[in-house]
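Beneath this line is the structure, given in structure tokens, with notes to follow.
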Amino acid sequence: MFQRKSIAFFQTQYLGLSVMITPNQELSSAGSSSSESTPIHYDVFLNFTSESTFTTALCDALGNKGIRNIFIDPKKLRKRKRKRKQVFASPDPLRAIGKSKVSILVFSEDYVSSPECLDELVKIMRCRRKKKRVVFPIFYKIEPTVVRHQKSVYEEAMVAHQQSFGDERVQKWKSALKEAAGLSGWHFEQGSEYDFVEKIVEAAFSKLPPKRLHTGEHIVGLDTCMEDVTSVLDTVSVLGIHGTAGVGKTTLAKAVYNSIVHQFEEACFLFNIREASKQRKGILRLQKTLLSEILDEKKKIKLRSVDEGISKIKQRLHHKRVLLVLDDVDEIEQLEQLAGYCGWCGNGSKIIVTTRNKQLLIDGHIDNEYGMKELNDNDSLKLFSRYAFHLDKPPAEYEEMSKRVVSYAQGLPLALKVTGSKLNHKSMEAWKCALDQLERLPGRKVEDVLKIMGK
């Protein structure tokens, strides 16, 4: 529930917010390149009375984490020299709330002095109930019970508001305050603000769609691959990653996705398309998943046919800057029915396709491709050791046997993971037994290794 911090005081300089818009401006390159009529989605809406050291630190930390699309009412910012890259938000906070994925409420002693803040709060809580939006309350140097039950300065302010704004409006404010203060959040009393802010930002980041994907705990040998792929993606719209089964194409695609996802308005990672498309109405389900994740719609999307799905995807994605990953594609039709070779998405969109079949990329006119290679001997032994011993290299007494086991995996991360996990915490006798089984394999194919070690 409420977490308290009390450590040395921290101050940070104001860096400016990265992406805001004026009524007649389009989003910068970190946001959307869509037309003015396209709805704009914000990652975070900040609800507070006026800029302070704390809110400045919070904004900076959000930006440093890659959360760029933040809405703040410019009337609440101090008048000071801004950096050139900063662009201000449209002065319509209530509309922006409905287009924000996460709202952060900063309750302070003077919060209830602002009718604008309270009106925003009412709208935020309504969006939480109706649109399932995420809300994080922060109780900055004020007790949550004061906010929840409108005691002390909150009670005095409400009495004054009642005379100015009437019973009905004040009652809405009171209900919203009670509801918001009942949510799980953070309570800051005194001391350092740094760790406190970092914890809030981590929580907000984890809740923001598009969400980051889990890539596994033991990743080895991907750094160079990621650099190569992201470098190519800087100049192209569609990139194909090809390689044999188990070589790590999906893991690479997830790692690249995580590293660039914050640059896009929306994102979707469609896993295991080859298998999913074999199921009854498989492509139709994939189309529904794509639309649901990209459009962030909670209600079930209805499609009567694949052709209708194609039409709807083209219509709804046309003005969005999208990151889309199509994992394990094995037929040209899957590209045509799910992505349209990036022509369906807005300017700046990127599509990554993973496949075992390089020829599919050629036939699909995806000229930009990256061939995934097996791990070298050193990285293979390192990855195996992390699963077998939770170390970067095997203990001396297991080194020779580890090298023999690793040779059967032929540099494939999947095989190294399976064999390492199978032998984890096993006795020397069990290791010798496993090696005997591997050495009796006639062709010593990786598929046979996985069958034996996966049992």
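Every read-out reported here was derived from the displayed coordinates using simple, explicitly stated rules and does not represent laboratory data. Keep in mind it's a predicted model, so treat the numbers as computed, not measured. Heads up, the Cβs are rebuilt from the backbone with ideal geometry, glycines too, and the neighbour counts pull from every protein chain shown.
Gain on full extension, evaluated as 0.36 nm per residue between H149 and I301 minus their Cα-Cα distance, stands at 50.7 nm. For the range 377-453, the number of Lys pairs separated by eight or more positions or lying on different chains, with C-alpha atoms closer than 12 Å, is 5.
Using 0.36 nm per residue and subtracting the Cα-Cα separation, the extra length available between L183 and A245 on full extension is 17.7 nm. Amide hydrogen proximity for G240: with H placed 1.01 Å from N in the peptide plane, the residues at 5 or more positions away or on another chain lying under 5 Å are V353, N368, E369, Y370.
Of the peptides 126-138, 408-420, 224-236, 263-275, the order by per-residue mean of other Cβ atoms within 10 Å, starting with the highest, comes out as 408-420, 263-275, 126-138, 224-236. At full extension, K314 and R404 could sit 27.2 nm farther apart than now, given 0.36 nm per residue minus the alpha carbon distance. The orientation-averaged projection of the convex hull spanning the C-alpha atoms of the range 332-445 amounts to 10.1 square nanometres. Kirkwood radius and radius of gyration were both taken over the C-alpha atoms of the range 223-371, and their ratio Rg/Rh is 0.94. Amide H to amide H distances under 5 Å link V134 with S103, where only residues 5 or more positions off or on other chains count and H is placed in the peptide plane. Taking amide H atoms as placed 1.01 Å from N in the peptide plane, the amide H of Y42 lies under 5 Å from those of S100, K101, each 5 or more residues away in sequence or on another chain. Near V147: Cβ cut-off under 13 Å, other residues only, Lys/Arg at +1 and Asp/Glu at -1. The net charge is 0.
Seen from D363, the other residues with C-beta closer than 15 Å to its C-beta sum to a net charge of -4, counting Lys and Arg as +1 and Asp and Glu as -1. Tally Lys and Arg at +1 and Asp and Glu at -1 over the other residues with C-beta under 12 Å from the C-beta of D392: what net charge comes out? Result for the neighbourhood of D392: +2.
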